[in-house]
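The values are calculated or read from the model by the stated rules, or taken from the named source; none is laboratory data. Because the structure is a prediction, the values reported are computed rather than measured. Cβ placement follows ideal geometry from the backbone for every residue including glycine, while neighbour counts extend to all protein chains displayed. With ligands, DNA and RNA removed, areas are computed over all heavy atoms of the protein, side chains included. Shrake-Rupley method; radii C 1.70, N 1.55, O 1.52, S 1.80 Å.
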Amino acid sequence: MPRLPGSHKQLLLFLGAVLAPGILLVASAVREQRRGEVLARQTAAESRARSVRLIANQLRLTLEQIRLDATATTERPNSTATALVVARHTGGRRTERTSSTATPKSSATARQLLEAEAAEFAGRSREAIERYGSLLRSAQEPSLAASARLGLARTLARAGRAAEAGAHYRALLALPFELRDDEGIPLALYAADRLKSAQQHQDAVITRLHERLASSELPGALESHMLRDLAGALPPGAAADSLRALTSTQLRKSAQLAALERDLAALLRLRSSRGVTAERVWIPYGDPLWLVSAQSARESQDTLILVVDAATAAAQLSAAMAGALAGPVTLTADDRDGAGELLSPEFPGLRARFTPAEPIAARSSVFGGPLLLFILLLAGVAAYLLWRDVRRESRVSALRSRFVTAVSHELKTPLTSIRMFAEMLRMEGSDEQQRAAFADTIVGESERLSRLIENVLHFTRMEEGRQRYRLAPGEVQQVVRDAAQAMQYQIAQEGLRLDLEIDDSLPPLPIDRDAMTHAVLNLLSNAVKFSPEGGDIGVRLERSNGSACITVSDRGVGIAPQDQTRIFEEYYRAPDAEARGIAGTGLGLALVADVARAHGGEVQLRSAPGAGSSFTLRIPLEPAQ
C-alpha cells in the first residue's frame, strides 16, 4: 500500500482530531439548544396556563368579595362600594334603578311642602317665605328640611333678598348627595347651579362637584345633563378643566349604564345559558369594560344586577398576585390582536393580559446563543493550536530531514578523505615527505569528523537536558590557541590566512575548557566555510567592558538582516548558504550560544551582506577582577 505524503497525513490528522469532533460538538450543541427551546416553550405554556388558572381563581374571589360588600344591604350599596347595583328584577320584570331613588317623605310633610310650593308659584312670596321657614324650623326629616330650604332660597332670590338666599344656598351646597328630589337629582346640585356664577363660591362648587363625580354611584340621565351644564358654565382654569374631563368620563359611564339597562334582558338570558352556577357568571360589557352579574336578593324574589369596573377589579387582582406575576394584570374582552388568555366559563369572552414571573423561553434562547458561540470559539482555538503544532512539527521534521542529509554529507566528506589517503599510504613508491602529508591529512580529517560528531552529541544532550558544564579556572588564551591550532589544516586546505591576536594579560576564568574550545572551533569552522579562497580570518582575544571577548571575523558573504535574528536557532541555515551549496548542519551557532549562556555570557553578531561577519563570544571576568 502506498504511503501518504506528509501534507495529506497532516490534513487527515486535522480533520480527524479537530474538524470532525468540532462538527459533532456543534451539532450536539444545536440539538440540545433546540431541545431546550422546545422544553422551555412547553414549560412556559404550562406556567402560563397555571397563571391563567390562578388569575381566574383570584378574580373569582375578588368579585365575590365585591359582591358581598355591594349587597350588604338590600336597598342599595353604600357610597364606598366597588360594585354598582343597577336594577331590581321582580318576577323577570325590571322595577326600579336602585341608584336613582328619591328621598322618601311622609304624607303630612309632603302636603305642607306642596302648599308652600303652591304659594311660591302663585307669586305670593310673603306667604311662601313664611310657609317654607316654618317647615324648615319644624321638620324632623332631613329630606323635608332640605326641600324646604331649597324652596326658601328660591323664593328669597325672587324677592330680591339675595344675601339671605345665598346663605341658604351655601347651606344646601354642603348637604349629602343622598338627599334628592323626586327626579333623583341631589339637592346640593341646585345650590351649585345658583352659586356657580359667584366668584367667591366657585372653589366650593368645584370641590363639591368633584366629590359627586368621584363617588361610586353613577348619575342618572337628568343628573348627568345637569352635571355637564354645571361643568361647562364654570370659567376656564386648571380645576375647572379637570372637572370637565372627569364629567366627560362619568357621562360616558352614565350613557353606558343607560345602555346596560336596556340590554339587561338579553344579558340575563345569556347568563342563564351558561353551564355553571348562574350567580357566578360575570359577563364583560361595554367600553370602558364592566363585569355584569346577577344576585338574588335576600328574603325576596328580586334579582339585583351588579356592575364592577374591570379596571378596578384588575387593580385589586394585580395587588393580590404581586408575588406570582412580573407585572400588573389587564382585563379585556378585545381579542383582535390575539393578546391575552381566556379565563374560564364563568367569565365568557373575558381575557387577561399579564407577564409571567419567569420568562423561561426567552432566558433559554439568550443563554443558548452565547453557549453555541463559546463552543465554536473553543473549537476554533483548538483547531488553531493543533494547526500551529502540526505546522511546527512539520517544519521541525523538515529541518531534521535536512539535518540528517547535511550530517550524512558532512560525515561522508572526511570519511572519504581518510579512506583515500589511508589507501595512498599503503601504496608503494611514496617518499617519506608524501607519507607525512598523507598522515597529516588523515589526522586533520579525523579531527574534523570528531568535531562534527561532538556537535551532534552535544546538541542531543542539550535537547534532552543532559548537557552538564564543569567550570574550573582556566586560561582562555590557551583555549583560543588550541582551537586555532586544530583548524590550521582546514584553513590551509581552503587557501585562507589566519590572523591571531591574544591578550596574555587576562586572568584565569571559570570555564569548561572542552566546551569553550568546541565553541571557538565552531566559530572558526563557520568562518572557513563562508570565506572566499585567499581571504583572511581574524581571531582576537581581548578585555572589553569587564568581559573577556573572543572575536572571530571573516570577509565572506555576510548574513542578511532578516536572518540575523534566527541564525542561532537549532537546524536553521540562512537561505544564501543553502543556495551557494555550503555544507552545514545548522547546529554550530546554536551550540556556541548555549556554551556562552552556560558561562554567564552571550554571543554578539555584526554582519552585512558582502562585507563579512564578526561573532564575539563574551565571557564575564571574575567579580574580583
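For the stretch 32-55, give me the residue count where each residue is hydrophobic (A, V, I, L, M, F, W, C), touching a helix residue (DSSP H, G or I) at 6+ places or on another chain (Cβ under 9 Å) and more than 24 Å from LEU350 (Cα to Cα).
Counting residues in the stretch 32-55 that are hydrophobic (A, V, I, L, M, F, W, C), touching a helix residue (DSSP H, G or I) at 6+ places or on another chain (Cβ under 9 Å) and more than 24 Å from LEU350 (Cα to Cα) gives 2.
What is the one condition in (1) in contact (Cβ under 8 Å) with a residue 12 or more places away in the chain; (2) out of contact with any Lys or Arg (no Cβ under 9 Å at 6 or more places or on another chain) that HIS201 does not satisfy?
(2)
Tally time: how many residues in the stretch 209-222 are part of a helix (DSSP H, G or I), at pLDDT below 80 and open to solvent by less than 50 Å² (accessible area, probe 1.4 Å)?
Looking only at that region, the number is 1.
Filter the stretch 469-485 down to the residues that are open to solvent by 20 Å² or more (accessible area, probe 1.4 Å) and out of contact with any Asp or Glu (no Cβ under 6 Å at 6 or more places or on another chain) and list them by number.
The answer is ALA472, PRO473, GLU475, GLN478, ARG481, ASP482, GLN485.
Could you please find all residues in the stretch 174-188 being under 20 Å from SER242 (Cβ atoms) and either open to solvent by 40 Å² or more (accessible area, probe 1.4 Å) or over 60 Å from the mean Cα position of the chain (by Cα) (or both)?
The one that is under 20 Å from SER242 (Cβ atoms) and either open to solvent by 40 Å² or more (accessible area, probe 1.4 Å) or over 60 Å from the mean Cα position of the chain (by Cα) (or both): ALA188.
For the stretch 118-162, give me each residue that is in a helix (DSSP H, G or I), under 25 Å from ARG208 (Cβ atoms) and open to solvent by 60 Å² or more (accessible area, probe 1.4 Å).
Within the stretch 118-162, PRO142, ARG149, ARG158, ALA162 meet the criteria.
Say whether the condition of being modelled with pLDDT of 75 or more, over 26 Å from PRO284 (Cβ atoms) and under 24 Å from the mean Cα position of the chain (by Cα) is met by at least one residue in the stretch 43-51.
Yes.
Checking the condition within 30 Å of GLU130 (Cβ to Cβ), open to solvent by less than 10 Å² (accessible area, probe 1.4 Å), touching a helix residue (DSSP H, G or I) at 6+ places or on another chain (Cβ under 9 Å) and in a helix (DSSP H, G or I), which residue from ALA171, ALA165, ALA204, ALA231 passes?
None of the other options fit; the residue is ALA165.
Residues in the stretch 301-320: is at least one assigned to a loop (DSSP other than H, G, I, E, B), at pLDDT below 70, over 30 Å from the mean Cα position of the chain (by Cα) and surrounded by fewer than 20 Cβ atoms within 10 Å (Cβ to Cβ)?
yes
Among the residues of the stretch 601-625, write down those that are at pLDDT 90 or above and outside any strand (DSSP E or B).
Correct list: GLY601 only.
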